[in-house]
Amino acid sequence: MLSVLVLVPVLVAGLLVALPSGRLRALRSLALGAGIVELALALYVFLSYDSNLGGYQLVERYRWLDSLGVSFHLGVDGVSAPLVLLNGIVLFTGVIISWHMKPRPKDFFILFFTLASGVFGTFVALDLFFLFFFYELAVLPMYLLIGVWGSSSDFGTFIRTKEYGALKLTLVLVAGSVLVWVGLLAMYVEAGVGSFDLLDLEAAGMSVGVQRFLFPFFMLGFGVLAGLWPFHTWSPDGHVAAPTAVSMVHAGVLMKLGAYGLLRVGISLLPEGAHAWAPVLIVLGTVNVVYGAMSAMAQKDLKYVVGYSSVSHMGYVLMGLATLTVVGMDGAVLQMFSHGIMTALFFALVGIVYERAHVRDITVFEGLAKRMGLTSAFFVVAGLTSLGLPGLSGFVAEFLVFVGVFQTYPVLGVLAIIGAAITAVYILRLLGKVFFGPLNPKWEKLPDATPREGFAAAVLVATIVFVGVNPGFLMRAIDSGVQALATRL
Amino acid sequence: MEWAWIAAAAPLAAFPLVALRGKWLPGRGAYISIAAIGLSFVLFWLVGADFLRRQADHFSITWFNSGGTRLALGMIIDPLSVYMLGIVSVVALGVQVYSLKYMEHEPRFSWYFAVQSLFAASMLGLVLSDNFLLLYVTWELVGLCSYLLIGFWFEKRSAAEAAKKAFVTTRIGDVGLLIGILVLFKATGSFDIGTVIQAAESGQISSGTLTVAALLLFAGAMGKSAQFPLHVWLPDAMEGPTPVSALIHAATMVVAGVYLVARAFPIFEAAPGALEVVGWLGLLTALLTATMALVMTNLKQVLAYSTISHLGFMMLALGSIGFTGGMYHLMTHAFAKALLFLGAGSIAHGTGLTDIKDMGGLWRKMPLTSTLFILGALSLAGVPPLGGFFSKDEVLAAVYHNQGPVVLGLTLVLALLSALYMARLVFVVFFGPDRSRESGVHAHESPWQMVVPLVALAYLAVTSGAAAFYLPGTGEGLGQFLFWEEGEAFHPLWWLIIASMVIVAAGFVIAWGIYQRGWRVARALEPVARLARRKYYMDDLYQWTIDRVVLVFAGMVALFDRTVVNDGGVNGSGGIVARVGKRLRYHETGRVYNYGLVMAGAIVVLGLMVTLLR
């Protein structure tokens, strides 16, 4: 089942290669079909995961390179199952949003689905060799997706070209990958079991000294992709350059790969290292939260606001992980899911506005709610999720992170909560400026979201509300996964 | 009793139904909303009757588990929650019925009723919740609804700003509330209010922690209940439709803070110094805003400042260990204030006027509305035998027993100011020359859908005084009921009652002199009045802080991020690599003898290393 989940997108990408370029209808049907199949598979994987049983489930293992101890080993636990679901939802809505992708729609979807395989693969791989392989597979298409389909912006005092955004994103992430790869090889050697298998490495264990030495490789290597301060600037600039669907997948799912790798490889395999470095990580996470929120407040471009808000919200993930408590890590994983959906929604809506108005400058908008009722309503929901309103998914996640942080570093917990208040300030200012107030006559003719776009956004909004009201739906799995992981700490 | 949760769940269920499908529902969804809150009101009676036969109890279900901690949705049925259930549901019901006519021409009519339902549901959930997590959840939802309703006419810049201000200001207080809840959780390992209170009473929590936690909870209460210095949002909240103001000022939102202090009262009692802070801040807020109520000329704004003043008065009561008095005043104020706001709406509906400078002689034009409005005003001014008179005296008694003479003296000054600004409204709006004719307005009475709720609220405002002595069904007074086990009777202090009556009378005489006879006493106080009219420059100070401090700092962080972290750190390190590469490229000369030299040198060095380091 899991191998189907991972391989279908890349097979679809292969089929697309064979498809003649002009066949738009066939292209879209194939893309939509693949999106629906993947969503269904992801939902099936999540629902079939039995949290009472725990452990890795739906396990598949195929021999590959016996001499090196590499096998194609797949499985999900309580942590990865919700993230698989997240990816299914974001991909599906991403396909719908990119319906009229121009130019070269075929090439776009080829790369898009290749990336999708990489993301699913990273979440379900239980072999570190393949985990790293899929991780790279997810990151590298970004370069072309942004470089070719992105947009350049002139902000008056400075310019951000799409080539710059693509280049910086790729170079920074590859630099992180190098650290990860070095760490993986060192771990392979140090564990001395001649295997890349996660379970073997878990069982082997490593000396405290080695763990402490290796942990920073993963903390920084994976942390870069999670937007860890001060290696986060690729993220807002990348978003500003990226096309809508790429931003959705990028902030919605890709940044989670970093946090997931940190948890799955760093914390789970190097618990002693995690204990030694947790204070550093949690302080950096706090900086992410407050610094990201302050930066977001000063931005004038809608995409920069959302980009910096991602930096801020990923800070909660890092903080939650760094508490090394079950509650905190529960919150971190739920926040990965919640932020993924929320930020995908944000970018989808910014894309809808941008496509019509051809600007993203907050200062030129006013009173859009009068013309774009649906878009505005959805944007308000996304904003309220962002500021941690109860009843929406972000609240429970952040609340659990706060509980975890208060048990370990109360002072940082206070700062994190203040960060949430700063978020409220910039989100409410944004909503008030862009959507409320008298309609700027310049935007009199702006049409609202089409039913297609509205449907994609509605799927995301429904997910946010459902998880916010009934967090147990995800928390049963997450809690069982994190508890199993925490026994190793 | 087990089904009391339906009281909150019914309006909650009405919210998505009316919001999404309102257009196709009876009464464009309004009837669904009203039926839901009506059901809550009926349930109040059933729960109350059931409760009188049984004991306080609480029920809960698991929301989700995390790391062995059970996060629950639970409700508590005790005197305080039953009492609040009644107040909230009856006022919300009255407001919704009133809105039926008042809002009928609004294009977003269904949305209005949907949010009204969510508002009522959140507030009912808040007063029923038995743990801090659910309390915080509903607390925030109450904040959300006020945001949506104050900003109901979001096309108006001022409404959008007022909504934002309300949400942000209360959110600042909520930072404190959330931290306080987490401090208590860290100390006790529980979110359950009963468990935390037990731990606090048994001395399980160190007194320092307890005081910190209590003050943090109070910070949340200050935001919601608009206590100084977080009071600035409430006067602006009148940008919403008038029935919304009635709801916010009377039964939802602002009383949440007072309720929180009352619900967590044992924690405040056990925390050294906490109640003193509550009392003093309440008194300060009450005095400060009473002076503002005296000088404002917008009818709704006067009422808004009067609300803040009375909320301060309730906090003062709680701070003086006057639990009964504080909660009693919450009720009498709720009925009177809802009546006043709906009355103000009725006046605006009938005359189109909002500024009292344009009103006058309305008593002749709208006798019914005027009579009802005046009843509410007299109750709040503390005129016997209306509700406000009794609750005020109960608070005064508590202040007398538990505070020093200074506080008592200031409280009596407050009583004078309260009487004065209410009397001012009465004289300026309803008596004297008719200034409305000059502005070409023809006043008329409101339709019966608007009058019925007014009459009902007026009835409650008048009769709530009797609750002090006799609460129907319980056979005893409110004091015994609220304190269930160690009952507390109404304690009248005759000299204090007479003193307060004299003060109220003096207030009316002074107001009559100034506003009917043109006495010139106000002239001398003009500098103070100007200060009060400028809201003591609080709004300007906050605006300045946001524009000149917060935003400037944010701009600096963003600039630092773009120039130092990105251009310096990221591009810089990239640039270094590029420069190093540029240098190194000159070593690729393409000449074999260069490479041979390097190779030979390297072999020599490596050979030396191997032999020497062996």
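Being within 14 Å of chain A (Cβ to nearest Cβ), at pLDDT 90 or above and out of contact with any Asp or Glu (no Cβ under 8 Å at 6 or more places or on another chain) is not true of B:LEU230. Looking at the structure I just gave you, is A:VAL327 surrounded by 24 or more Cβ atoms within 10 Å (Cβ to Cβ), aliphatic (A, V, I, L, M), in contact with a His (Cβ under 9 Å, 6 or more places away or on another chain) and within 13 Å of chain B (Cβ to nearest Cβ)? No; evaluated as a whole, the condition is false for this residue. The number of residues in the stretch B:316-325 being assigned to a helix (DSSP H, G or I), under 22 Å from B:SER81 (Cβ atoms) and among the aliphatic types (A, V, I, L, M) comes to 2.
Being crowded, with 24+ Cβ neighbours inside 10 Å, outside any loop (DSSP other than H, G, I, E, B) and touching a residue at least 40 places away in the same chain (Cβ under 8 Å) is a property that A:ALA369 lacks. Of all residues in the stretch B:348-391, those satisfying the criterion of being over 12 Å from B:VAL429 (Cα atoms), outside any helix (DSSP H, G or I) and in contact with a Gly (Cβ under 7 Å, 6 or more places away or on another chain) are B:GLY382, B:PRO385, B:LEU386.
So in the stretch B:148-179, with the set limited to residues that are facing another protein chain (nearest Cβ under 8 Å), within 15 Å of the chain's Cα centre (by Cα) and not β-branched (Val, Ile, Thr), which one is nearest to A:LEU412 (Cα to Cα)? Checked the stretch B:148-179; the qualifying residue nearest to A:LEU412 (Cα to Cα) is B:ASP174.
When the helices (runs of 4 or more DSSP H) confined to the stretch B:48-166 are screened for residues that are free of Cβ contacts under 8 Å to residues at least 24 places away in the same chain, those reaching at least 2 such residues are found at B:132-150.
Whether any residue in the stretch A:334-347 is within 12 Å of chain B (Cβ to nearest Cβ) and either assigned to a helix (DSSP H, G or I) or within 20 Å of the chain's Cα centre (by Cα) (or both) is what I want to check. Checked against the condition, which is being within 12 Å of chain B (Cβ to nearest Cβ) and either assigned to a helix (DSSP H, G or I) or within 20 Å of the chain's Cα centre (by Cα) (or both), the stretch A:334-347 yields at least one hit. When every residue of the stretch B:555-563 is checked against the conditions, at least one turns out to be within 12 Å of another protein chain (Cβ to nearest Cβ) and small (Gly, Ala, Ser).
In the set (1) of a type in the set (Ser, Thr, Tyr); (2) surrounded by fewer than 24 Cβ atoms within 10 Å (Cβ to Cβ); (3) more than 21 Å from the chain's Cα centre (by Cα), B:THR291 fails one condition alone, (3). Please verify whether B:PRO79 is out of contact with any His (no Cβ under 6 Å at 6 or more places or on another chain), within 14 Å of chain A (Cβ to nearest Cβ) and of a type outside the set (A, V, I, L, M), treating the condition exactly as stated. Against the criterion (out of contact with any His (no Cβ under 6 Å at 6 or more places or on another chain), within 14 Å of chain A (Cβ to nearest Cβ) and of a type outside the set (A, V, I, L, M)), B:PRO79 does not qualify.
Those helices (runs of 4 or more DSSP H) of the stretch B:489-598 in which at least 2 residues are surrounded by 11 or more Cβ atoms within 10 Å (Cβ to Cβ) and in contact (Cβ under 8 Å) with a residue 40 or more places away in the chain, considering only elements entirely within it, cover B:494-516, B:526-533, B:538-544. Looking across A:GLY258, A:GLY273, A:GLY292, one residue alone is surrounded by 24 or more Cβ atoms within 10 Å (Cβ to Cβ), more than 14 Å from every other protein chain (Cβ to nearest Cβ) and under 20 Å from the mean Cα position of the chain (by Cα). It is A:GLY258.
So that you can scan it fast, the table gives a plain yes or no per residue for (1) outside any helix (DSSP H, G or I); (2) under 19 Å from B:HIS401 (Cβ atoms); (3) in contact (Cβ under 8 Å) with a residue 60 or more places away in the chain:
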| position | (1), (2), (3) |
| --- | --- |
| B:GLY279 | no, yes, yes |
| B:GLY282 | no, yes, no |
| B:LEU294 | no, no, yes |
| B:VAL302 | no, no, yes |
| B:MET327 | no, yes, yes |
| B:ALA334 | no, no, yes |
| B:LYS337 | no, no, yes |
| B:GLY343 | no, no, yes |
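The condition of being under 22 Å from A:TYR260 (Cβ atoms) and without any contact (Cβ under 8 Å) to a residue 60 or more places away in the chain holds for only one of A:PHE120, A:PHE132, A:PHE112, that being A:PHE132.
Here the condition is being over 15 Å from the mean Cα position of the chain (by Cα), farther than 17 Å from B:MET327 by Cα and small (Gly, Ala, Ser); of B:GLY273, B:GLY279, it holds for B:GLY273 alone.
Let's see how each residue does on (1) touching a residue at least 40 places away in the same chain (Cβ under 8 Å); (2) part of a helix (DSSP H, G or I); (3) under 19 Å from the mean Cα position of the chain (by Cα):
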{"position": "A:PHE92", "(1), (2), (3)": "yes, yes, yes"}
{"position": "A:MET101", "(1), (2), (3)": "yes, no, no"}
{"position": "A:ASP107", "(1), (2), (3)": "yes, yes, no"}
{"position": "A:MET142", "(1), (2), (3)": "yes, yes, yes"}
{"position": "A:GLY156", "(1), (2), (3)": "no, no, no"}
{"position": "A:ALA166", "(1), (2), (3)": "yes, yes, yes"}
{"position": "A:LEU173", "(1), (2), (3)": "yes, yes, yes"}
{"position": "A:VAL178", "(1), (2), (3)": "yes, yes, no"}
{"position": "A:LEU185", "(1), (2), (3)": "no, yes, no"}
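Checking each residue in the stretch B:575-600 for being of a type in the set (Ser, Thr, Tyr) and either modelled with pLDDT of 80 or more or touching a helix residue (DSSP H, G or I) at 6+ places or on another chain (Cβ under 9 Å) (or both) picks out B:THR589, B:TYR593, B:TYR595.
Please enumerate the residues belonging to the stretch A:397-450 that are out of contact with any Ser or Thr (no Cβ under 8 Å at 6 or more places or on another chain), more than 24 Å from B:THR209 (Cβ to Cβ) and among the aromatic types (Phe, Trp, Tyr). A:PHE436, A:TRP443, listed by residue number. Restricting attention to the stretch B:181-192, the residues that are surrounded by fewer than 24 Cβ atoms within 10 Å (Cβ to Cβ) and more than 9 Å from chain A (Cβ to nearest Cβ) total 5.
The values are calculated or read from the model by the stated rules, or taken from the named source; none is laboratory data. This structure is a prediction, so every number in the text was calculated from the model and none was measured. Note: ideal-geometry Cβ built from the backbone for every residue, glycine included; neighbour counts use all protein chains shown.
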